[in-house]
Amino acid sequence: MKPRAGTPKLKLPIDPAHYRRTDRSPIGRWVWEIDRVLLLLLTVLITVGLIAVAAASPAAALRYSDGSARLSDLYFFYRQLMWIAVSMPVMILISMMSRDRARRFSMGGALIFFLLLAAVPFVGAERNGAVRWIEFGIGQFQPSEFLKPFFVVTLAWLLSIQNKEKGLPIFWVSGWLFGIVAVLLMKQPDFGSTIIFGTVWVAMLTFAGINVRILGLLGLVAVVGVILAYFFYPVATIRIDGFLFGEGDNYQVEKAMQTLTAGGLFGVGPGGGTQKYSLPEPQNDYIFSVIGEEFGLIACAIVACLYLAIVVRVLVKLLDEEDVFALLAASGLAIQFGLQALINMAVNVQLVPSKGMTLPFISYGGSSMLALSIGMGLLLAFTRRNPYLGARRLA
């Protein structure tokens, strides 16, 4: 049927003819398909992190200097800048992958870092009473940090199979997979990472449509697990007693809270903080408190809102996602990212026991920055949109 004379012609928001004339190279496709808002939010967060590390660097440099030589006040800032220069190209390159290639890359990475995680008790280096790191030549890395995003994507692939083949025991396979990882983490010990892996697993089961009764059973198992950990896992006993009853050495969390509130609403100004010099890890675990002292509680609230905006942006983008695998992978990566930030900030304000967990993209650390960049590169890859598909749907 021809439109009547005088009827305005419908203009599509995306003109297919226009995109046929655009560059179809990998870079050209990436420019049009990437979630620019999400990429902008991540860039802002990384910039904030660099400023925060610069503020914490003098205190950390003083703490790690020995009698023979003193580190430069901006030693950690310059090293963080170097790690950002290495990690950001990695994030961009991974975000250019197709979903299928990103899945294969993640499954290969999951296998490698699972084996490395299993090797930690035998070849790992001890640090602050825990054996979580593997040393190599010029540095060390924590296999569990790299395993996190790869585990999420692998789990998403398994659960997407369950969506197609209802008779397969994918739930039990995923449960065994998480259980083995949890045992390896608890041996280090790393109770905080175990909580993240477990929470993300349950969240992804929820998105996959698992039976409500099973979810309730898992909740009960989690409660029983925490109780058993309290009675039979010395690290958990010490942390929980210190948090609930003020027993043991609470110096770290108490100093973190004092530092966080020392600057009031607007802070004492960049470089003006003094409480940060008494923090045990001002550049890592307690950098959120340094932000509070030097830039104020309002700045802390802005940082928290920035993390929330990233998670909400991803979940909103997934509302019309038709690919079950991409939906599970992207939502799992976003939840894992936001949960780690939430736990770190909660420790700094004494809402949960100390976990020894970094603040994503803000805390100092080379392997942490690289692992997060891999995870966010995968997230950007799974949230990319093909403009041709949108044009065809509208047509």
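At-a-glance table
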item: Residue list for region 255-282, given a label point 7 angstrom along the Cα-to-Cβ vector of ASP73 and an amide N cut-off under 12 Å; result: 270-273
item: Relative contact order of region 81-212, pairs being alpha-carbon contacts under 8 Å that are 6 or more residues apart, as %; result: 22
item: Calculated FRET value between VAL224 and VAL173, using beta carbons and R₀ = 22 Å, to 0.05; result: 0.45
item: Distance between modelled label sites at MET186 and ALA309, nm, 7 Å Cα→Cβ extension; result: 4.0
item: Extended-chain gain in nm, criterion 0.36 nm per residue less alpha-carbon gap, SER278 and ILE27; result: 85.6 nm
item: Sorted peptide list for 370-378, 45-53, 174-182, criterion being average Cβ within 10 angstrom, highest first; result: 370-378, 45-53, 174-182
item: Mean Cβ neighbour count within 10 Å, used as a protection proxy, ranking 103-110, 264-271, 142-149 highest first; result: 142-149, 103-110, 264-271
item: Peptide ranges 346-352, 156-162 listed from the most packed, as the mean C-beta count within 10 angstrom indicates; result: 156-162, 346-352
item: Under 5 Å, built H, 5+ apart or other chain: amide partners of ARG132; result: ALA125, ARG127
item: Restricting region 155-220 to trypsin sites (Lys or Arg not before Pro) in coil, as DSSP defines it, with at most 11 other Cβ within 10 Å; result: LYS166
item: LEU62 paired with LEU351, simple spin-label distance in nm, labels 7 Å along Cα-to-beta-carbon; result: 3.0
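Quick note: the coordinates plus some simple rules give every number you see, no bench work behind them. Since the model is a prediction, treat every value here as computed from it, not as a measurement. Here the Cβ is made from the backbone with ideal geometry for all residues, glycine too, and neighbour counts use every protein chain on show.
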